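Taking it in order: structure first as structure tokens, then the write-up.
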Amino acid sequence: MPRSPRSPLLLAGLMAAAGVTHFVTPRPYDMIVPKSLPGTPRTWTYASGAVELALAAGLLAPRTRRTAALATAALFVGVFPANVKMAVDWRHRPAPLKAAAIGRLPLQVPLVLWARSVAKNAEGQS
């Protein structure tokens, strides 16, 4: 990702938007929570939405940006199993939905790299 001063703000916006959708429309997220996780899918949906909102706030503040960006990269890695589950579950859906589910998998790589870039560029800030 380019070293734009807006990059942390854009990443924060992405995280905030994703976090809000976990509360506004939780059902699609419930459906991709791996069954191996304890508790109810809705609990995981709400918890991950809250984490995304907290990370968005952390990305906005220069003092917490580096830590929040690294945690965001870790979150992108951590949700990968849910994206795999979605791709497997949607393999028999219509082509556009199947393509969207499969397309999410490689998208995680640039998201992780973007968050790491924000973290690296935040090192000199305080």
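Per-structure values
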item	result
The range 68-120: number of residues that are of a type in the set (Lys, Arg) and within 20 Å of Met15 (Cβ to Cβ)	3
Wholly enclosed helices (runs of 4 or more DSSP H) of the range 1-106 bearing at least 2 residues free of Cβ contacts under 8 Å to residues at least 40 places away in the same chain and more than 18 Å from Ala119 (Cβ to Cβ)	7-24, 27-30, 41-60, 80-89
Matching option when the condition is β-branched (Val, Ile, Thr) and under 23 Å from Ala100 (Cβ atoms), among Thr72, Thr40, Thr67	Thr72
In the range 104-126, residue surrounded by the most Cβ atoms within 10 Å (Cβ to Cβ) [restricted to those that are modelled with pLDDT under 90 and out of contact with any Pro (no Cβ under 8 Å at 6 or more places or on another chain)]	Arg104
Criterion: out of contact with any helix residue (DSSP H, G or I) (no Cβ under 6 Å at 6 or more places or on another chain) and either within 15 Å of Lys120 (Cα to Cα) or buried (at least 17 other Cβ atoms within 10 Å of the Cβ) (or both) - qualifying residue of Thr67, Thr25, Thr45	Thr67
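The values are calculated or read from the model by the stated rules, or taken from the named source; none is laboratory data. Remember, it's a predicted structure, so these values are computed and weren't measured experimentally. Note: ideal-geometry Cβ built from the backbone for every residue, glycine included; neighbour counts use all protein chains shown.
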